[in-house]
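The next block holds one structure in the form of structure tokens; read it before the comments.
The values are calculated or read from the model by the stated rules, or taken from the named source; none is laboratory data. What you see is a predicted model; the values in this text were computed from it and never measured. Neighbour counts run over all protein chains shown; Cβ positions are idealised from the backbone, glycine included. Calculation scope for accessible area: heavy atoms of the full protein, side chains included, ligands and nucleic acids excluded. Shrake-Rupley method; radii C 1.70, N 1.55, O 1.52, S 1.80 Å.
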Amino acid sequence: MKLIRGLFIIVVFVASLSARERVNINFSNLQINDFVKLVSKITNKNILMNHQIIGTVDFISTTDVYDDELMDILVSTLESKGFSIVKSGSMYEIVRSADIINSNVAVVEQGKTLYGSFMVTQVIKVKNENVDIIAAKIQYLISKNAKMMTVRESNTLLITDYPKNIETIKKVVKDIDTDRRTVIEIIPIKFAESKKFQARLVDVAKSLFNEHVPSQGVKIMLDENTNSIILIGIKENVSRIQEIAATLDIEPNINNAVQIYELKNSDAKTVLESLNEIISKQTFADPALKPNVSANEEINAILVVGEANVIKGIKFIIDELDKEKYQVYVKARIVEINKNSAKDLGVKYGFAAGDVSSSGLYAMSANFGDPGLTDLASVKVLDYLGAIGAGAKSAFALGATLDFLENNGASKSVSNPSILCVNNQESSIYVGKTISVTTGSVTSSATSVPGTTNSYKREDVGLTLRIKPRVSSLDKVTLNVEAILENVLDDGKNNSTGQPITSKQEVKTQAILRNGEDIIIGGLVKSFESTSKSKIPLLGDIPWIGELLFTSTSKATQEDNLVVILTPYIINQSEKLSLLQQDLGVLTTLQREYNDAIFKKIQEGEPGVQEDVAQEEE
């Protein structure tokens, strides 16, 4: 065959004892079809050509090449023209690169190292990462006509490509398919202040790791119960934070240990008094270790200067003293009951109403505890108020008793105040009036109109109620109660001094109550005389004669009992106060419904009510 002008071929075969032969070749402007024939002859392989491939190839070599490397050169040359070679039995066939997938490409066992010049198919196992993510990352590594697919069920890659390419892909997959499982490490804090230490580590982590890559971030949490830092993330990043934490958590300089604790629930001045009392009773081996504490009222904070370990103990005390305190919401109902009117009312309806002491009111309220009504009310009353079951019966019955007395003119409501008390602190309610009392007089004759000038002072006269709660649990509270009643017996018009005469009665008591339970404080009595006039109709209206003969006047001594009913509600969180007030509104509506029903029964003289009264009187 006539070669194109300029063809120059030098082929030297060198015998060797090994299986591979070395060949020294150089050619320029060689037709590709002729190059196929040359490779077939040198490698002693049969190559089937079904396509006419147009083009030439140049190869310049300064050293020998192995005969099997000629096949690699041929594959590379054919690939540039859109063709490739596949093994078909004992021979090789040149096919179009686009059709090579449909050819019988050899499948090599998974994990086996690949070599050679022809395309093969192999499975690559992905262990730790998602196979689709890995495939997206290595897509650019495969050959132009190679194929790659993912098998999600087994998390594997199926690749048909040249052996060298597949080996490169296997190395890359191995590098990026590292174990990224999350680890958790707990670091005890020895010296540093926990919250500041956590914030410092968070800042460090933000500087070291890319926050936009979730797998790179390290979550840093503080566990105040164990005074520890919890790290969550991949092992390498967690280890870096551990090293930094160990470097930062060192014993502070004793001269620079200064802490400021802002209080949320307590008064700084009060907390300072408690701290000074504790510190004054302690003994320090080194006087320099004694901490200095002071209060800043402007920001309501405690300032502590001292050794780190001592400050930790002080911080624990401050945290305990600054806990949110219990509060007690006390509803008070101050009622003035006229003894005579209550007695007449009791006779009329058959109630034991003559005694208006605390025990008498409880006895009378038994007549208002209709079982059907109280059972209905018990279902409606909220558990938070502690007024379910028997509690609901007594609460509604007592409320109905007082309302019944007031509706029938036997009592009047003096005041219905409410007060919110802080646990273990005294609060007070005052209901009354202010009167003027003469403190002295000055008579002057120097002026044109001689006269006497009086000086006065103002004094409060009424009911003072002081309450100090002490909460023992969410269900029980101890109330220290002091009630002082001052009355004006004579405004000065009926005595020679012209000065008002007052009386004072005082009651002090202590009671342990359940949440929402009532207590009645009685024994505060005031007496006065009342005048009543009676006359015969028509005849009593005759001037002079009617007044003299047909009219009579009588005087009677009246007695009013002042009764104070207190109901405490325990509040352990400030947010519950508004909920309590809503609940009390519901309870007021239920009381009104209860009163309407029970009053209707009494007015109608229902047998069940009267029978209960008769049994009690017997």
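Please enumerate the residues belonging to the range 466-481 that are over 14 Å from Val431 (Cα atoms) and in a strand (DSSP E or B). Give the derivation first.
As a first pass, look at the range 466-481 and keep what is over 14 Å from Val431 (Cα atoms): 467-481.
Passing the criteria: Ile467, Lys468, Pro469, Arg470, Val471, Lys476, Val477, Thr478, Leu479, Asn480, Val481.
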task = Could you please tell me which pairs satisfy a Cβ distance under 8 Å, a separation of 6+ or placement on different chains, a first residue in the range 285-296 that is under 20 Å from Leu272 (Cα atoms), and a second residue that is modelled with pLDDT of 75 or more and among the basic types (Lys, Arg)?
result = Ala295/Lys269
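So if I check each of Asp370, Asp383, which one is of a type in the set (Asp, Glu), at pLDDT below 80 and surrounded by fewer than 16 Cβ atoms within 10 Å (Cβ to Cβ)? Walk me through it before giving the result.
Working: Asp370 fails: surrounded by fewer than 16 Cβ atoms within 10 Å (Cβ to Cβ).
Unique residue meeting the criteria: Asp383.
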message = Please verify whether Lys45 is under 21 Å from Ala106 (Cβ atoms) and either open to solvent by 20 Å² or more (accessible area, probe 1.4 Å) or assigned to a loop (DSSP other than H, G, I, E, B) (or both), treating the condition exactly as stated.
response = yes
ask   = What tally of residues in the range 207-240 results from selecting those that are within 19 Å of Thr182 (Cβ to Cβ), without any contact (Cβ under 8 Å) to a residue 24 or more places away in the chain and open to solvent by 50 Å² or more (accessible area, probe 1.4 Å)?
value = 9
Residue ID - surrounded by the most Cβ atoms within 10 Å (Cβ to Cβ), chosen from residues in the range 263-307 that are closer than 12 Å to Leu321 by Cα and of a type in the set (Asp, Glu) = Asp267
key: Options Leu321, Leu345; residue that is farther than 23 Å from Asp518 by Cα, at pLDDT 70 or above and open to solvent by less than 30 Å² (accessible area, probe 1.4 Å)   = Leu345
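Only one of these is open to solvent by less than 40 Å² (accessible area, probe 1.4 Å), over 60 Å from the mean Cα position of the chain (by Cα) and at pLDDT below 80: Ser88, Ser103. Name it.
Numbers: Ser88 fails: open to solvent by less than 40 Å² (accessible area, probe 1.4 Å).
Only one candidate passes the filter, namely Ser103.
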Pairs with Cβ under 9 Å, 6+ apart, first in the range 581-594 and on the phi < 0 side of the Ramachandran plot, second among the aromatic types (Phe, Trp, Tyr) and open to solvent by less than 30 Å² (accessible area, probe 1.4 Å) = Asp583/Tyr569; Leu584/Tyr569; Leu590/Phe396; Gln591/Phe396; Tyr594/Phe368; Tyr594/Phe396
key: Single condition Ala410 does not satisfy, out of (1) open to solvent by less than 50 Å² (accessible area, probe 1.4 Å); (2) at pLDDT below 80; (3) over 47 Å from the mean Cα position of the chain (by Cα)   = (2)
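Out of the range 129-150, which residues are in a helix (DSSP H, G or I) and either open to solvent by less than 60 Å² (accessible area, probe 1.4 Å) or among the hydroxyl-bearing types (Ser, Thr, Tyr) (or both)? Steps first, answer last, please.
Pass one, the range 129-150, residues in a helix (DSSP H, G or I): 131-141.
Listed by number, the residues that qualify are Val131, Asp132, Ile134, Ala135, Ile138, Tyr140, Leu141.
Can you report the number of residues in the range 106-128 which are open to solvent by less than 60 Å² (accessible area, probe 1.4 Å) and modelled with pLDDT of 85 or more?
Our first condition is that a residue be open to solvent by less than 60 Å² (accessible area, probe 1.4 Å); within the range 106-128, this holds for 106, 108, 114, 116-124, 126.
Narrowing the set further to residues that are modelled with pLDDT of 85 or more leaves 108, 114, 120-124, 126.
Number satisfying all stated conditions: 8.
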message = Looking at the structure I just gave you, is Asn29 of a type in the set (S, T, N, Q) and either open to solvent by 50 Å² or more (accessible area, probe 1.4 Å) or modelled with pLDDT under 75 (or both)?
response = yes
ask   = Within the bounds of the range 500-517, is there any residue that is open to solvent by 30 Å² or more (accessible area, probe 1.4 Å), farther than 26 Å from Lys412 by Cα, modelled with pLDDT under 80 and not in a helix (DSSP H, G or I)?
value = no
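From Glu153, Glu167, grab the single residue that is farther than 28 Å from Leu30 by Cα and in a loop (DSSP other than H, G, I, E, B). Reasoning before the result, please.
Details: Glu167 fails: in a loop (DSSP other than H, G, I, E, B).
Step by step, each of Glu153, Glu167 is checked, and only Glu153 is farther than 28 Å from Leu30 by Cα and in a loop (DSSP other than H, G, I, E, B).
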message = So, Asp161, is that one within 22 Å of Thr121 (Cα to Cα), of a type outside the set (Ser, Thr, Tyr) and open to solvent by less than 30 Å² (accessible area, probe 1.4 Å) or not?
response = yes
